[in-house]
Structures are given as C-alpha cells and as structure tokens.
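Notes for the one structure printed next.
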C-alpha cells in the first residue's frame, strides 16, 4: 500500500509545478529555467506552423510573454508543458493566419529559399518546406507536435484540444495530405 | 495508389520506426510495396530532418507592450449580433420616417362651411390604428394580405337624435378616418339618423340625398361636400328602401319563412318602425321645426 502511494507521489511530482509556484511568488529566475527548458520545443512548434524563422522567433517571445502574464490562470489540471504547448499551437496558428495572405503572393521557390536562408535550420529538403507551405496550419501543428516535438497522441490531443483517438485521426489525415503535397513537389 | 488501411497504417509505423529489421520484415511480407515503403521512409526522414535543431537561446525578457490577441468567438458573435440589430432598427426607423401614410397631414378633419377646420383625435386608440390602413408597426402590412379596406368603405355606425349635420359629419370623419370638407351652402340643420355598420361612403351619399349635398371623392381619404344633388342618381344601399331590398336579397329562398313571397301590396312595403331602426333611417328635422 505504501509502495503504491510512494509510486503515485513520485509520478505526480512535477518539477515544472514547483517552478510555476516560484514564479507566482515573484521569482523570475524560475521562469528563466522554464524558458530554457521549453524554448526549443516551443520554437519547433512555432517554426513548423509559421514556417518563417524570424516570425517564429517573434512568436516564441509572444508565447512566453503570454505565459508569464497569464501564469496565474494555469489551473494545474494538465501538465504545465501541455498547457504551454496548447498556447504555442494556438498562438502560432493565429500568427500563420495573419501571414497567410502575404505568403500566398510569394512564389514557392522563393519561400523555399527563405527557409534555407534561416540560421536555425540546417538546409532542410526544399520539397518538405514547399509541401508544408501548401498545408493548413492545423495540419502542420499536428505534424510538428508528432515529428518534431515527438509528443505522444495523448499529449498531442491535450495540446490541440481533442481526444487521443481524434489526434490519431488528425495525424493520419495530415500525414496523407503531406504525402500528396510532397510527392507533387518531387514530381512523382 | 490506394492501399488497404491496415497495410497503410503498418507502412507508416515501419517508416517512422526506420529500423532495418522492421523494413526487411515488411518487404518480406509485402514485396509489392517496397517502393512505396522506401519513398515513405525517405519522406519521414526528410520531415524529421526539417526540424529546427536549436533556437537561438537568449534570456527571456517579457515584453512590456500589449500583445495582440484575436478576439474570442463570443465577442465576435456578440458584436455581429449587435451590428445586425442596429441595421434592423435603422431600417425600421428609416421606413417609419419616410412612410407617407404616417404624414401628420392625414389627421382626420372636418371643415364646415364657415371655414373652420377641426382636427379629429384618434377616437379608438391603438385598436383603430391596427385595424385601419394606418399601421405604423408593420413595415408593409399589405404583403401577402388581401387588399386593405379603403377609408370610405369603413363600416360606421351613426345613432343620433336631433344632432347638427356638421356634428354627424364629424362623427363620420372620426370613424372612417377621413377628411370631409363642406362647401358653403350646406345648411347645418338638426337631424336624426340611424345607420348600423354601413360603409361611410354609402352613408354620406344617403345623407346627401336627404339633405341636399353630394359627396365628391377628392382622394382616397378626402371628400368635398357640395350643396347640390343629382336628381337622377340611383339610391345606394345605405338605408331606406334600397337597404331593405338588400336584406331581402340575402334571404334564403329555400327557407319557407324567408323565401321569395308574392309582391307585397303597396301599403305593406313600408317597414315597421323597429325594422327601420335596424336597417337605417333618417329623420329630417330642420332647426326651426320644433317651434
């Protein structure tokens, strides 16, 4: 019995929550720790959805600023990382929609070159970037969370606000759409 | 290439695992899908490889400026609803403002032959407004409805005893919602009249025949009363004999009590006093007759 309780305590312990409490008490260093811990993943989400490195960096700053200001609204029903990823996905999709019109007028080759020019990306396959450009931000969000941040279906579901089964379905569809676009790009 | 769902899902799992053992096992089972699997493995590798490796790590400095946030759906829906309501109210107000039927000049009035004009207040209140052609509530009450009753076709009831003609005309104007103008020369005599649920125009004609004036319709809501009568004009179904005749036409011919009878004798054509009261009658009494 005590073993079960100890096991529960050990799994329930979440270092992020300790950091959140410290931030709420006014310790800004604790937020720097959270930022360093999740910056890469949040950037990957923003980059995968927004597709532009500079815009993604700006979006990451906005996301962490939002989290810092609204941290008192984190209700702890989910893990901090899930709450953070959800904000990241929503904020990035908003940003992608804002950029959609201007991006639609940029030729795909130019867009692919712009991806290659970024300092954060080590020359990815241009066909991948072009295929991602043709997809909806929601589809890009699912692919990003699964392939780049390597989240489980449960975590993806919590991050985009659906059940794991729905997340699995969305992932399947997004992957199929990506495959179609990718094969078009490589001329298959 | 359309694949069975199970093989499709299995191929994605193998491509994402990207281990030689699993790939060899899959190709051993489904050699026809070797090219497809190879393509997917390459695609997944490219997709995973497109991940930005590291973000530039700076210390986090929270922005002090406002962060633009998209309005929530609730506020967007509320705003759209309020805008639509404003448009509806503005349209309603504009229609009411420009509706000629609500022109204040249309107030029922009677002008007697001395030139004095009297405005007639709305005698029936809201019910009068709803049941006549003046309807400020609905935008277009005639859509899909039968033709509205014209003002001079309004059914009116006059029960007077020794009342001046001008007062009777004013009562007609009130009830029908019309404007009557009496030309000079019409005597304001004292009359006794009784009409029950008769059209206003028929009542005016009947009064005119008896008191020496002729109503001339000027507009849909205005009539001029001139002191002259047409001696050859046929009587209208407002009272007296013509109205009694109309009652007879309505009688059921199959009913033995109401069916057509032999032509009555001359002396029997006069109706009893009570029947006159029901059908409508006029008693002419000039102002000086009492004396």
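A short reminder: the numbers here are calculations on the coordinates, not readings from a lab. In this text, all values refer to a predicted model and were calculated from it rather than measured experimentally. Because the Cβ atoms are built from the backbone with ideal geometry, glycine has one as well, and the counts that use them run over all protein chains shown.
Return, ordered by residue number, the residues of segment A:133-162 whose backbone nitrogen is under 20 Å from a label point located 7 Å along Cα→Cβ of residue B:53.
Flagged as within label range: A:147-150.
Quote the convex hull volume per residue of segment B:5-47, based on C-alpha atoms, as a whole number of Å³.
Values: hull volume 2.5 nm³, N = 43.
Cα convex hull per residue, to the nearest whole number: 58 Å³.
Once the Cβ-Cβ distance between residue B:61 and residue A:75 is put in as r, and R0 is 30 Å, what FRET efficiency do you end up with, to the nearest 0.05?
E between residue B:61 and residue A:75, to the nearest 0.05, is 0.65.
Grab the beta carbon distance between residue B:88 and residue B:183, set R0 = 60 Å, and tell me the FRET efficiency rounded to 0.05. Walk me through the numbers on the way to the answer.
Details: r = 48 Å, r/R0 = 0.79.
The pair residue B:88/residue B:183 has a calculated efficiency of 0.80.
In peptide B:17-26, how many Cβ atoms from other protein chains are near each Cβ within 10 Å, on average? Walk me through the numbers before you get to the answer.
Working: counts 0, 0, 0, 0, 0, 0, 0, 0, 0, 0.
Average neighbour count from other chains, rounded to a whole number: 0.
Label-point separation (nm) for residue B:77 and residue B:155, each offset 7 Å from Cα along Cα-to-Cβ?
Simple spin-label model gives 5.0 nm for this pair.
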